[in-house]
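Below is one structure, written out as structure tokens; the observations come after it.
The values are calculated or read from the model by the stated rules, or taken from the named source; none is laboratory data. Note that the structure is predicted; figures quoted are calculated from it, not measured. Here the Cβ positions follow ideal geometry from the backbone for every residue, glycine too, while neighbour counts run over all protein chains shown. Accessible surface is based on the protein model in full, side chains and every heavy atom, while ligands, DNA and RNA are left aside. Shrake-Rupley method; radii C 1.70, N 1.55, O 1.52, S 1.80 Å.
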Amino acid sequence: MLAGNFYNVTAQSQEPGQVTTTIELNAGHPIFQGHFPEQPVVPGVCMMQTITEVLESALQKKVTLKKANQMKFLQMIDPVQQPLVDVSVVYKEEENGWKVTATLKREDKTFMKFQGIFN
């Protein structure tokens, strides 16, 4: 949904149970005209969708968020000032779905932390 338009993948590495992806945000995307015109900020829903898409790429199947145990937005992402973001997703299949821990960060800046369950 967002890959290839809102962001592009510039690097990705995967091992069993973990995928790390570097994305480059498209600061010219229309979302930023409304969020916000003078100060673009990546919406939290787009951060969550990015985690979902990275997980789907790793699993090679569609998933749906079932439960968010933790979703912390720690810093805003300005796509002009911070076009590159590292997305780390650790996942494990359990009885009730895929247990996922994820972060969006770049160097010493952590933008978002997530823990939850996907089906």
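Quick check on F73: is it of a type in the set (F, W, Y), under 18 Å from L2 (Cβ atoms) and open to solvent by less than 30 Å² (accessible area, probe 1.4 Å)? When the stated conditions are applied, F73 does not pass them. Pairs meeting the criteria (first residue in region 1-27 and buried (at least 17 other Cβ atoms within 10 Å of the Cβ), second residue in a loop (DSSP other than H, G, I, E, B) and not hydrophobic (A, V, I, L, M, F, W, C), beta carbons under 6 Å, at least 6 apart or on different chains) are F6/N26; F6/H29; L25/P79; L25/P83.
If I filter region 51-64 for residues that are closer than 16 Å to G17 by Cα, assigned to a strand (DSSP E or B) and open to solvent by 50 Å² or more (accessible area, probe 1.4 Å), do I get at least one hit? No.
Look through region 77-102, keep the residues that are in contact (Cβ under 8 Å) with a residue 40 or more places away in the chain and not in a strand (DSSP E or B), and return whichever of them is most open to solvent (accessible area, probe 1.4 Å). Write out each step before concluding.
Just the residues of region 77-102 that are in contact (Cβ under 8 Å) with a residue 40 or more places away in the chain, to begin with: 77, 79-80, 82-92, 98, 100, 102.
Checking the rest, the ones that are also not in a strand (DSSP E or B) come to 77, 79-80, 82-83.
Working: I77: 2, P79: 3, V80: 91, Q82: 33, P83: 45 Å².
Going through the qualifying residues, I end up with V80.
Kindly indicate whether any position in region 33-43 is farther than 16 Å from Q18 by Cβ and touching a Cys at 6+ places or on another chain (Cβ under 9 Å).
Quick first cut of region 33-43, residues farther than 16 Å from Q18 by Cβ only: 33-43.
Then drop every residue that is not touching a Cys at 6+ places or on another chain (Cβ under 9 Å), which leaves 35.
Checked region 33-43: at least one residue is farther than 16 Å from Q18 by Cβ and touching a Cys at 6+ places or on another chain (Cβ under 9 Å).
Which one is farthest from F73 (Cα to Cα) among residues in region 28-47 that are open to solvent by less than 20 Å² (accessible area, probe 1.4 Å) and touching a strand residue (DSSP E or B) at 6+ places or on another chain (Cβ under 8 Å)? Ranking the qualifying residues of region 28-47, first place goes to V42. All conditions but one from (1) touching a Lys or Arg at 6+ places or on another chain (Cβ under 7 Å); (2) not in a helix (DSSP H, G or I) apply to A11; the one that does not is (1).
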